[in-house]
Amino acid sequence: MSDSVNAGLSAGTIATQAARMRAATRAVMAQFFVNGAAFAAWGVQIPDIKSRFGLSDFVLSFAMLVVAGGAIVAMGTIGRWATRVGSARALTISGVAYAVAVGLVPLMPGYAVLLGLLLVLGMAMAGFDVTMNVQAAAVEAQGGRPIMSTLHGMFSVGGMAGAGLGGLAALAALPPWVYPAGIALMALAAIAIGRPHLIDDAPGRRDATARENAPAQDDAASGKRRQASAALWVLGFFAFLGLICEGAMYDWASVYLRDVTHAAPQLASYGYAAFSTGMACGRFAADPLRRRIGDSRTLAASAWMGFAGITLAVCLPEPAWTLAGLLLMGLGVANLMPFFFLAGARLPGLRPAQGVAAIARWAYTGMLLGPAIIGGITHHANLRVALMIVAAIMGLIAAVGIRQVSRIGR
């Protein structure tokens, strides 16, 4: 009798845990979706900002630099803050700030005030990005099944949906504040509804007990910090390289298709579309692959596919081959950051929020510098040579980086 009761209780507990993890997965998925939509809402507003304030390209690029700079600066404190208050609470606070900032952009009365808001936007964007990845890593770890790449795929879907809604708003000639306000309200609703289902990882009594016993653990802690520091440099370096490649593709794929392959003007924009389509498909396909062949093999296959894609585009600079290469490149690059964030959450001697924030800082820097590096090389040589260097970087990641990253946290 007791055995059957225990079995019933055990089955009930398992069912309750499974339901809780499904709810947590849906909640985090919603955060990724609205993050992508909000990011698109910011991007869609850039041309309006330029015309409203009469900005030159140089002054406009400074506004975009403020957003990126705010994100990079915030990375230094987000990990510690999220560790102290818990990633669920930090995600909620930063997500609300991000949504409100996006909604306020068209209401700014002057360029100087706009720059102040964009600084806040960049910081909130970084906080939301880091904490949702910490939550994603926690849900994957507790749920016992791969979901990280699928969640990043939802970010891509959110970006496409946000951009599509922006286009519809422009066609309908709505007032400029309506579209970003709608995206902001959607994000706030997703954050409010999802908050009760997020995993609470705030410090508890065990952390207080650990602090009381800290003197007896100093030597072990010191060793773990040294191990974490070495692993962080390795992981951060390859995250930096990976985002140089990704950022370069976003900004230069269409230019390459137009100027190097001499594609027709109406075809040139398909370069960005091919890369973005590859990114979305690669992310949704990765988690089933991880379940079948494991993380390391999936990541290695992705990296080599990216290398093959950009090499194809460089070696055969014709529109059809280049589009195929950009699609392959998107499929390959798609899963670098999801895996790097997972590895960051597993860094020995660091809390997940601190590890993810540190990797995100390297990644944001690569994303910021990548297009500029490619532009500089293009100025002194040409775009084809610049993308040859991107191919070499992808080859380095595939041949060396994947093995190093796969060892972290094992």
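Things to note:
- Residue within segment 140-151 that is closer than 17 Å to residue 38 by Cβ, in the same structural domain as residue 47 (by TED's automatic domain parsing), over 14 Å from the mean Cα position of the chain (by Cα) and assigned to a helix (DSSP H, G or I) present: no
- Remark: pairs (first residue in segment 316-333, more than 17 Å from residue 390 (Cα to Cα); second residue crowded, with 24+ Cβ neighbours inside 10 Å and of a type in the set (Val, Ile, Thr); Cβ separation under 6 Å; 6+ apart in sequence or on different chains) are absent.
Yes/no per residue for (1) modelled with pLDDT under 90; (2) within 20 Å of residue 354 (Cα to Cα); (3) out of contact with any helix residue (DSSP H, G or I) (no Cβ under 7 Å at 6 or more places or on another chain); (4) of a type in the set (A, V, I, L, M, F, W, C):
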residue	(1), (2), (3), (4)
224	yes, yes, yes, no
227	yes, yes, yes, no
253	yes, no, no, yes
258	yes, no, no, no
264	yes, no, yes, yes
274	yes, no, no, yes
280	yes, no, no, yes
291	yes, no, yes, no
309	no, no, no, no
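- Total residues in segment 385-408, condition in contact with a helix residue (DSSP H, G or I) (Cβ under 6 Å, 6 or more places away or on another chain) and more than 12 Å from residue 242 (Cβ to Cβ): 8
- The set of residues in segment 263-283 that are more than 23 Å from the chain's Cα centre (by Cα) and assigned to a helix (DSSP H, G or I) comprises 265, 266, 267, 268.
- Taken together, the residues in segment 118-139 that are more than 23 Å from residue 100 (Cβ to Cβ) and surrounded by fewer than 22 Cβ atoms within 10 Å (Cβ to Cβ) amount to 1.
- The single condition among (1) assigned to a helix (DSSP H, G or I); (2) free of Cβ contacts under 8 Å to residues at least 60 places away in the same chain that residue 109 does not meet is (1).
- Of the candidates 182, 167, 159, 153, the single residue that is of a type in the set (Gly, Ala, Ser), at pLDDT 90 or above and within 22 Å of residue 279 (Cβ to Cβ) is 153.
- Residue tally, condition β-branched (Val, Ile, Thr) and free of Cβ contacts under 8 Å to residues at least 12 places away in the same chain, over segment 379-410: 2
- Search result, residues across segment 34-59 that are over 18 Å from the mean Cα position of the chain (by Cα) and closer than 18 Å to residue 125 by Cβ: 44, 45, 46, 49
- Test: residue in segment 252-262 that is in a helix (DSSP H, G or I), farther than 16 Å from residue 149 by Cα and within 21 Å of the chain's Cα centre (by Cα): yes
- The lone exception for residue 27 - which of (1) of a type in the set (A, V, I, L, M); (2) over 24 Å from residue 199 (Cα atoms); (3) modelled with pLDDT of 90 or more it fails: (2)
The values are calculated or read from the model by the stated rules, or taken from the named source; none is laboratory data. None of the values given here were measured: they were computed from a predicted structure. All Cβ positions, even for glycine, are placed from backbone atoms using ideal geometry, and neighbour counts span all protein chains on display.
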